[in-house]
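Heads up, the thing below is written out as structure tokens.
Computed from the coordinates by the stated procedures, all read-outs in this text should not be read as laboratory data. From a predicted model like this one, the values you see are computed outputs, not experimental measurements. Here the Cβ is made from the backbone with ideal geometry for all residues, glycine too, and neighbour counts use every protein chain on show.
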Amino acid sequence: MSQPSTTSTGKLRLTQVSRRIGAQLLLDQLSLEVEPGEILALLGPSGCGKSTTLRLIAGLDPLSGGAVWLGERNLTPLPPGERRVGMVFQSYALYPHLSVERNLSLGLELRGQNQASIQGELQRVLSLLELEGLRQRRPAELSGGQRQRVALARALLRQPDLFLLDEPMSNLDARLREDLRPELRQLLRSAGVPVIVVTHDQQEAMGLADRIAVLQEGRLQQLDTAEQLYSRPANRFVARFIGTPSINLFSRDGQEIGLRPEHLELARPDAPQAEGWRGLDGQISHQEWLGDRVVVHLTTPGGTTLRVLRPRPAPEGPWQVRWSSDAELHFDPRTGVRIH
Amino acid sequence: MGRTVLLLWSLGPMLWQLYSSLRPTQALTGVGSGWTLDHYRQLLSAEPPFGHYLVNTALVGSSSTLLTLALAIPCAYGLSRLGQRPARQISLVVAAAAAFPAVLLFLALLEVARDWQLANNLLALSLPYAGLCLPLAVLLLRAAFREIPLELEEAALIDGLNLWQRLRWVLLPLIAPALASTALLVFIFCWNEYPIALTWLSRQELLTLAPAIARIAGSSVYTIPYGAFAAATVLGGAPMILLLLLFQRQIISGLTQGAIKG
């Protein structure tokens, strides 16, 4: 991992941060730390509390409990304008009536920073994001990708101590998103401050972030690297949420077994079985092309449906699904926590 | 065909006034022919000249419009940022106020004018005018504020803008069309308002347009000065027509703002 270039501003620390509206608990005692230069993704389905967390850090919503620290500074009592955060909104939230240039500089101008230093900063950020040619354009005259860059530039211009991005790519088409991801990652890391990216897209989380926090129903489920989330999920929810096509889950001997579709193989029932391998007979119900690979859906006599990922479609006939017992994940059927 | 009828229907009275204002008095009441500018000359050379009333009215209209906007903007902004339920309840009250027949307030207003010595004061007339226009202005501006995505204001918040700066640099520029159309509606109301102006103003040199025209019409017991009356109507109506033509696009876009997303 490359080291951040600029001076560090201290790490972001959330201690038992909660958010409650009436009887509804949106976020339940979330604690986490993000180092300067590190990118953390908040990942989860909609309503899991990830956007809430971002808004609490930015100061847009009040905390119901806990505290937000940045280095030695307690951000909790500060209004958003004094937290020195750079935020990129999902809609980008560019001021539609102002030029690109004014969109960036408005905040600094109104704080009374002198024109010369604003112009210098403006020049630096605009060239960094290759926006010089667009200085005088209005947001309506920009493409989606350009708008995103302007939003990033606005956040960068303030030289924030902390970067917050809310679904920064969700308004771009899939192709552009993939092209921009490495660029964005590079840019964010070079800022040398803690970065939090909210996303519902696991690909984006894995592509951008160093570590990922998986949230569900306002609770942190697991905070780990992408690799660990995938191979050692803390519980059934994480196992199911991470990985496409999603994990196979079925019961055996009072335990819940999880098997990744890519760890399953198909063999003829009469083929010899290797040591330490298990098998289940199945009938192909249908096959689904993903482009480069095929998901084969099989039904076992017990009524379980299994998804097997293969490079090619499987021919008709009786099959046995086989896997190495090393690949098995075991979950407690009651709590969903992984036992093995 | 239908369009022609509609045009004649709505423009007819105006054209008739214009026609009458240019005809000699004899031609209007019976025999006689030809064209004349006498009625206009008579108005403009009267004491005070007719232009004086136009200035009075413009003064009252401007001050009332400014007062209305100054009060309606904070109201509307507050309402637009309030929670769903309280905002709807308050808006209902405001809508009821907007629908209230203003004529019923006359006697009360007259007492206010007497007790607080507000009679024969042009600027004081702004008080009842702004009061009457406020509900509608609040409703129009609230709809415009609600159109602005919350994220925009939050971005400004993160940029460190305080409430006044957010209004001045972000929100008000974005609702400019609604502001323009609201201002025009208030101004037109003041321009045309008759009963309150009639009761609050009595000194000739302070009259606004509507009571001034009425005085011309009732200046003689024996004849009705149709010509002068028509000329006064034309002179009084022209500035409004000009204003509307200039701003018609803003008015329409301002009035339909908030119509798509409720």
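Between A:Gln159 and B:Leu150, what is the FRET efficiency for a Förster distance of 41 Å, r being their Cβ-Cβ separation, to the nearest 0.05? In this case the efficiency is close to 0.95. Taking only the alpha carbons of the range B:180-232, we obtain Rg and Dmax values of 13.2, 45 Å in that order. The distance between label points at B:Ser202 and A:Thr76 comes to 6.9 nm (points 7 Å beyond Cα on the Cα→Cβ vector).
Think of each Lys and Arg Cβ as +1 and each Asp and Glu Cβ as -1; about the Cα centre, that makes the dipole of chain B roughly 420 debye.
Within chain A, the longest segment free of exposed loop sites, counting GluC sites (Glu not before Pro) that fall outside DSSP classes H, G, I, E and B and have at most 11 other Cβ atoms within 10 Å, spans A:131-274.
What the Cα convex hull of chain B gives, in volume per residue, is 173 Å³.
Taking a ≥ b ≥ c as the square roots of the eigenvalues of the Cα gyration tensor, an a/c ratio of 1.5 or more together with a/b larger than b/c marks the range B:115-262 as prolate.
Our summary gives chain A a relative contact order of 18 percent, counting only alpha carbon pairs under 8 angstrom and 6 or more residues apart.
Of the trypsin sites (Lys or Arg not before Pro) in the range B:159-223, the ones in a loop by DSSP (not H, G, I, E or B) with at most 13 other beta carbons within 10 Å are B:Arg203.
Quick note on the range A:184-340: its Rg to Rh ratio, both from C-alpha atoms and Rh being the Kirkwood radius, is 1.04.
With K and R counted +1 and D and E -1, the other residues having a Cβ less than 14 Å from that of B:Ala232 yield a net charge of +1. Would you please state the base-10 log of I(q)/I(0) at q = 0.06, 0.11, 0.13 1/Å for chain A, with intensities from the Debye formula using one equal scatterer on every alpha carbon? Log10 of I(q)/I(0), two decimals: -0.29, -0.81, -1.00.
Residues B:Tyr77, B:Tyr53 in ascending order of nearby Cβ atoms (within 10 Å, fewest first): B:Tyr77, B:Tyr53. Across the protein assembly as shown, Cα-Cα distances exceeding 36 Å account for 58% of all pairs. Under the convention that each Lys and Arg Cβ holds +1 and each Asp and Glu Cβ holds -1, the size of the dipole of the protein assembly as shown around its Cα centre is about 960 debye. Placing unit charges on each Cβ (+1 for Lys and Arg, -1 for Asp and Glu) gives the range B:45-195 a dipole about its Cα centre, and among B:Ala137, B:Leu122, B:Leu66 the Cα reaching farthest toward its positive end belongs to B:Ala137. Each Cα pair under 8 Å and six or more residues apart adds its separation to the average, and for the range A:159-306 the resulting relative contact order is 12 percent. Comparing A:Ile257, A:Gln287, A:Trp323 along the charge dipole axis of the range A:251-331, the residue lying farthest to the positive side is A:Gln287, per the Cβ-charge model. Between the listed residues A:Leu184, A:Gly65, A:Leu223, the Cα displaced farthest toward the positive end of the dipole of chain A, a dipole computed from Cβ unit charges relative to the Cα centre, is found at A:Gly65.
Taking the Cα centre of chain A as origin and assigning +1 to Lys and Arg Cβ atoms and -1 to Asp and Glu Cβ atoms, the resulting dipole is close to 760 debye. In the elastic network of chain A, a GNM with C-alpha springs shorter than 10 Å, the most mobile of A:Asp161, A:Asp292, A:Asp224 is A:Asp292.
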